């Protein structure tokens, strides 16, 4: 029997285990920052480098545009993001962080430091870059399927 025969299944199981642990650890940090879901953090993080369309945000988070619209509306009600029509194509809605959204994202940086000091402490920068590349490739593969 090939020892690596069941490796893909083991990897998927371990990803689920990591996801559950991250959710448990992150829930408190998110709450402290005033957020209610990991998706809200993902949206704010995606916007940290500039405005994005609802469609692009949905693709980044792997959710439909309709779901993304609801999530952005909730962040808008909290004053963390603002929306506006793309000046070149009014059919496109763009989203950007507000000052409050930027402050909230800064609060979450402490969680990133916590993760680096605990979850990733035995991984080199090269290991982390490799892990990130592999996860992104898995996401691409699943989106293609």
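Keeping to the stretch 29-54, report how many residues are over 12 Å from the mean Cα position of the chain (by Cα), in contact (Cβ under 8 Å) with a residue 40 or more places away in the chain, surrounded by fewer than 17 Cβ atoms within 10 Å (Cβ to Cβ) and under 17 Å from residue 108 (Cβ atoms).
Within the stretch 29-54, residues that are over 12 Å from the mean Cα position of the chain (by Cα), in contact (Cβ under 8 Å) with a residue 40 or more places away in the chain, surrounded by fewer than 17 Cβ atoms within 10 Å (Cβ to Cβ) and under 17 Å from residue 108 (Cβ atoms) number 2.
Looking at residue 12, is it within 23 Å of residue 143 (Cα to Cα), surrounded by fewer than 16 Cβ atoms within 10 Å (Cβ to Cβ) and either in contact with a helix residue (DSSP H, G or I) (Cβ under 7 Å, 6 or more places away or on another chain) or touching a residue at least 60 places away in the same chain (Cβ under 8 Å) (or both)?
The answer is no for residue 12.
Out of all the residues in the stretch 55-75, is one or more farther than 30 Å from residue 8 by Cβ, more than 13 Å from the chain's Cα centre (by Cα), part of a strand (DSSP E or B) and at pLDDT 95 or above?
no
Could you check the stretch 57-83 and list, in sequence order, the residues that are exposed (fewer than 15 other Cβ atoms within 10 Å of the Cβ), closer than 19 Å to residue 139 by Cα and touching a residue at least 12 places away in the same chain (Cβ under 8 Å)?
Of everything in the stretch 57-83, just one residue is exposed (fewer than 15 other Cβ atoms within 10 Å of the Cβ), closer than 19 Å to residue 139 by Cα and touching a residue at least 12 places away in the same chain (Cβ under 8 Å), namely 62.
With respect to the numbered conditions (1) touching a helix residue (DSSP H, G or I) at 6+ places or on another chain (Cβ under 9 Å); (2) surrounded by 12 or more Cβ atoms within 10 Å (Cβ to Cβ); (3) more than 22 Å from residue 30 (Cβ to Cβ), which one is the sole condition not fulfilled by residue 131?
Checking residue 131 against (1) touching a helix residue (DSSP H, G or I) at 6+ places or on another chain (Cβ under 9 Å); (2) surrounded by 12 or more Cβ atoms within 10 Å (Cβ to Cβ); (3) more than 22 Å from residue 30 (Cβ to Cβ), the one that fails is (1).
Under the condition of being under 20 Å from residue 22 (Cβ atoms) and touching a residue at least 24 places away in the same chain (Cβ under 8 Å), which residue from the stretch 97-114 is surrounded by the most Cβ atoms within 10 Å (Cβ to Cβ)?
104
Each row is one residue, and each column tells you yes or no for (1) closer than 22 Å to residue 43 by Cα; (2) in contact with a helix residue (DSSP H, G or I) (Cβ under 8 Å, 6 or more places away or on another chain); (3) part of a loop (DSSP other than H, G, I, E, B).
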residue	(1), (2), (3)
84	yes, no, no
92	yes, yes, no
104	yes, yes, no
108	yes, yes, no
126	no, no, no
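The values are calculated or read from the model by the stated rules, or taken from the named source; none is laboratory data. Everything quoted here is computed from the prediction, not taken from an experiment. Here Cβ is always computed from backbone atoms with ideal geometry, including for glycine, and neighbour counts include all displayed protein chains.
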